[in-house]
Amino acid sequence: MKIRFILTIIAVISSFYKCPAQYDDKKVLMTVAGRDVEAGEFVRMYRKSFDPSYKTGIKEYLDQFIAFKLKVAEALEKGYDTTKAFHDELSGYRRQLARSYLTDPGIREDLLAKAGERYSMEVSASHIFFSCRTDASPEDTLKAWKKALETRERIMNGEPFEKVAMEVSDDRSVRINGGNIGYFTVFQMVRPFEDTAFTLPPGSVSMPVRTSYGYHIIRVNNKRPAKGKIRVAHIMKAIPQGSDEQNVIKAETEINDIYSRLKAGESFSRLAAELSDHKESAKKGGEMNWFGTGEIISDFAEPAFALKDTGDFTKPVRTPYGFHIIKLLERKPLTPWAEIKPIFEARINQSDIDALGKRSFISKLKKEYGFSINQEIRDWFVKNADSSIMSGKARFYSGKIPEGNIFTFACRSFTAKDFASFLENRPARYNSKNPGYYIDSSIDAASSEEIEKYEDSVLENKYPDFRYLMAEFHDGILLFDISSEKIWNRIQDDTAGLRNYYMSNRGKFLSLKSIEGRLYTFTDKSGKKRLASAFRKFGNLPDCDERMQKAFNTAKDTLLRISEGKWSAGNDPDIDALPWTPGIHHFVRGGFPSVMRIEKVNEPVSLTFNEVQAEVISGYQDWLTDNWVKQLKEKYYVKVDSAVYEEVRKELADD
């Protein structure tokens, strides 16, 4: 409830917020209990409160805003802002808000735009892989790159891709697939690999592509429209890894026998339950979960997607795990991008792709803040970083660490001793053999951390929207806490006060005026005279309804509808327009000729407490709030600068 309440008051930055034109947003609009309130804060909150169905007048909103600030002033005087709970909550909101300011939003949007373009496409590719860690020495990195370049040259000179892959690729699966990794779609490969595969035309071979794993030579085999998702059942005869030829023949014979029985009409689900070696799906008659391209091995997915009609099943299919017979259960087309986009947005946030935005953001800040590295001190660390230091087993001797700064930015510095301490406390993630990489990556990590901390510390000064939002979060939390004490908690406990309020205001809690009677509606719009004539003839007879129905209704057609009930004021405009007096009233209701026989008129009466408890609570809350605000206005001094207010009024009048 608390978060919902605060976010109701403090909405996100409005899409219609515009830069001030006729006023200075830093001018003091008002002073409430000694606290200055800038014109920009008032204008911003007014615009965020905009409701097209009910536009609050500026003067009315000013009164509401002053009441809001008075309640906050009371909370401050009572020390609500000094509690640990308050500081923890405000810090939590700030961390959440700061995240959007401490990354490059353009990177994220670019990734989503690319994902949207690629989402409807699937790419089949093969690759040859050369392992090379990111922390490899320059010599090892060059060696891997040259090997990749030479391999590409062999392929371009006509050697079969699969043959070359089998000879040189470091991908262990090459013995099974010849380098062919099958079809995949967006967000299923590391970013450089995906970018290359989706960019190249079918049949082309890439230059060496660097990823965090090493270098890749990529050949694009084919591209096709995305196939959506399918759900299948399968029967499997397993071939354990390392099986000899006899076991393979045995599994193949068994799957062929099952296929023959299926062709003869036996139940797929029963045979799966009895004979499939995939025990997890066998329990469900062979049924598997929904899957799409790239979510299951290509040897299985391709024949599954090739099935045309529900109920069709494949001939025995060989995969690295054994033999399968696959039956199509359901197929659904590709979900429209607009519907699936939020899922991709969540995947961006939850993956290392988010680091791209962070790196881009830090890179921009380094330029903005004049980041520079002291090359001499950097070289000293590279020269003195041996394997024991890089593995975290030793540290630099403090007496030999040079004086000076290893990097500087924004009139801030990070000393060589600070950097040595950073290395000492940084978790040892690997045993690097490349001192240059170790030191450079550590400088990058340390500088990114320090620059981000600095940027976080200046957000309020650098971004007015951030400053205003934090002020509003601050006041919103205080408002919730003090309103809970003064109003909401009191209402829950003060049953006597609620009863007294009800008794003092019983005249406000009345039932609606109502009528009781019978309504006759003729469903032929041209039948006004017929209805009136019949009512004159039968209206005073004790069996009026039966005679009227007999006159107009047949087994095939019902022209007259009769209803008995109670109608309250405000429920039906046509009935509201009638004279509410006992008797017969002819009128048109919803375009149809009608007659209302009013038998009783019920005047408004006081409702019981239980009948109007919700309304009483709401009214009592308003009464308590109004009295509280009156007390606060007497207690605290409020001054509105009329000249600034006039500037603000003119600005808002243009909205």
| task | Specify the angular offset, from 0 to 90 degrees and rounded to the nearest 10, of the alpha carbon long axis of helix 354-368 from the longest principal axis of the alpha carbons in the chain. | result | 80 degrees
| query | Given 0.36 nm per residue, what is the gain on full extension from Asp572 to Thr83 after removing their alpha carbon distance, in nm? | reply | 170.6 nm
| task | Along each of the three principal axes of the Cα atoms of region 124-277, give the extent in whole Å, ordering the values from largest to smallest. | result | 61, 38, 33
| request: Can you figure out the FRET efficiency of Asp524 with Thr253, using R₀ = 60 Å and their beta-carbon distance, to the nearest 0.05? | output: 0.15
| field | Spin-label model distance (nm) - Ile176 vs Ile296, 7 Å beyond Cα toward Cβ | value | 1.5 nm
| message | What do you get for trypsin sites (Lys or Arg not before Pro) in region 405-474 restricted to DSSP loop and a cutoff of at most 16 other Cβ within 10 Å of the site's Cβ? | response | Arg429, Lys433
| FRET efficiency for Glu117 and Met156, Cβ-Cβ distance as r, R0 = 25 Å, nearest 0.05? | 0.30
| request: Can you work out the accessible area per residue across region 570-655, with the rest of the protein chains kept in place, probe 1.4 Å, in square angstrom? | output: 59 Å²
| message | Using alpha carbons only, how many angstrom separate the centre of region 582-655 from the centre of region 260-279? | response | 70 Å
| request: Compute the length gained on full extension between Phe587 and Ile617: take 0.36 nm times their separation in residues and subtract their Cα-Cα distance, giving the result in nm to one decimal. | output: 6.7 nm
| said: At 1.4 Å probe size, with the rest of the protein present, what percent of the exposed accessible area of the chain is carbon and sulfur atoms? | reply: 51 percent
| said: Test of understanding: what is the full-extension gain from Leu149 to Ile343, defined as 0.36 nm times their sequence separation minus their Cα-Cα distance? | reply: 66.0 nm
| Assuming R0 = 60 Å, what is the FRET efficiency of Thr558 and Thr56, from their Cβ-Cβ distance, to the nearest 0.05? | 0.75
| query | Can you give the Kirkwood hydrodynamic radius for the chain, in Å, rounded to one decimal and based on Cα pairs? | reply | 34.3 Å
| said: Helix 138-156 against the longest principal axis of the chain: what's the angle in degrees, Cα atoms only, rounded to the nearest 10? | reply: 90 degrees
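The values are calculated or read from the model by the stated rules, or taken from the named source; none is laboratory data. Here the structure is a predicted model, which is why all the values come from computation and not from measurement. Don't worry about glycine lacking a Cβ; one is built from the backbone with ideal geometry, like all the others, and counts go over all protein chains shown. Just so you know, the surface numbers come from the protein's heavy atoms only, side chains and all, with ligands and any DNA or RNA stripped out. Shrake-Rupley method; radii C 1.70, N 1.55, O 1.52, S 1.80 Å.
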